[in-house]
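The values are calculated or read from the model by the stated rules, or taken from the named source; none is laboratory data. All of these numbers come straight from a predicted model, not from anything done at the bench. Every residue, glycine among them, receives a Cβ derived from its backbone with ideal geometry; neighbour counts consider all protein chains shown. Remember, those area values only see protein heavy atoms, side chains included, never the ligands or the DNA or RNA. Shrake-Rupley method; radii C 1.70, N 1.55, O 1.52, S 1.80 Å.
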Amino acid sequence: MRLAELSERSGVSAGTIKYYLREGLLPPGQRISATQAAYDESHLRRLNLVRALIQIGGVPVATVREVLRHIDDESLGTSFRLGAALWALPHPPDAPEGDPLAAEVTEGLDGFLTDMGWNHARELGALSPSYRSLISSVTTLVRLGFAGSLDVLAQYARRMDELARLDLDHLDTFPDDSQKVESAVAAAVLFEPVLLALRRLAQEEHSARRYGL
C-alpha cells in the first residue's frame with residue numbers, strides 16, 4: 001500500500017507518519033520510485049502500536065524508540081525480549097534509597113515471592129522495574145497504615161498468576177516473537193485499563209448483591 005492508504009487505514013495523518021519515519025519509529029517502506037515507497041501489514045501494525053504508546057500511553061518518543069529496539073532485537077530469547085520491551089515503558093518511582101521501612105518490606109516480599117514459587121522474579125530482584133514498583137507501593141501502603149497481610153496479598157497474587165498464564169496463552173497465538181512482544185506492549189498500555197474497569201464493575205456488581213442498593 002502507498003502512504004496515503006496507510007494513512008487512511010490507520011487514521012494517522014500522512015504528516016505524522018512521515019514524522020514517525022524520520023524518528024525511526026516506523027521502518028522505511030520498500031522503495032518503488034525516487035519519491036514513493038510501499039508499505040505492508042507489518043507497517044500498519046507497528047503504526048498502530050506507536051500511536052497507542054504516544055497518543056494514549058503518553059510515552060515519550062525517545063522511550064518509544066527504546067521499546068521498539070527491544071521488540072526488534074532478534075538476538076534475545078522470547079522472555080528477555082518481552083521483559084526488556086516492557087521494562088523500557090515508564091514505571092512509578094522507586095522507594096528512596098536507604099529507607100529502613102523499604103528494606104523491611106523488601107525482606108518480607110522476597111520471602112513472599114519465594115513462597116509463591118516466583119523464583120525468576122525473586123532472582124531478578126531490583127533489576128526488574130515491576131519488583132521495584134511492588135516494593136515502593138507496598139512500602140507506601142505500610143507507611144500510611146493501609147497494607148494488608150501477606151496472606152491477603154498472596155490471594156491476589158494467585159489470581160495474577162492465573163491471569164499471566166492466560167496472557168501468555170494469548171501471546172502464543174501470534175506467529176513470531178516480534179508480534180508476541182508487540183501485543184504484550186500494546187496490552188500494557190491499552191488492556192490494563194480494561195482490566196481495571198472490569199475489576200471495578202465486578203466490585204460494583206458484588207457490592208449491590210451483598211449490601212443492596
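Tabulated data for the structure shown
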| item | result |
| --- | --- |
| Matching option when the condition is free of Cβ contacts under 8 Å to residues at least 60 places away in the same chain, surrounded by 11 or more Cβ atoms within 10 Å (Cβ to Cβ) and over 25 Å from E74 (Cβ atoms), among R132, R165, R199 | R132 |
| Unmet criterion (only one of (1) touching a residue at least 60 places away in the same chain (Cβ under 8 Å); (2) in contact with a Gly (Cβ under 8 Å, 6 or more places away or on another chain)) for R65 | (1) |
| Some residue of the range 93-113 being open to solvent by 40 Å² or more (accessible area, probe 1.4 Å) and under 23 Å from the mean Cα position of the chain (by Cα) | yes |
| Within the range 15-41, tally of residues that are in a helix (DSSP H, G or I) and exposed (fewer than 13 other Cβ atoms within 10 Å of the Cβ) | 3 |
| Any chance A121 is over 30 Å from I54 (Cα atoms) and open to solvent by less than 50 Å² (accessible area, probe 1.4 Å) | no |
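Per-residue answers, yes or no, for (1) under 19 Å from V67 (Cβ atoms); (2) in a loop (DSSP other than H, G, I, E, B); (3) aliphatic (A, V, I, L, M):
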residue: A84; (1), (2), (3): yes, no, yes
residue: P96; (1), (2), (3): no, yes, no
residue: A126; (1), (2), (3): no, no, yes
residue: V142; (1), (2), (3): no, no, yes
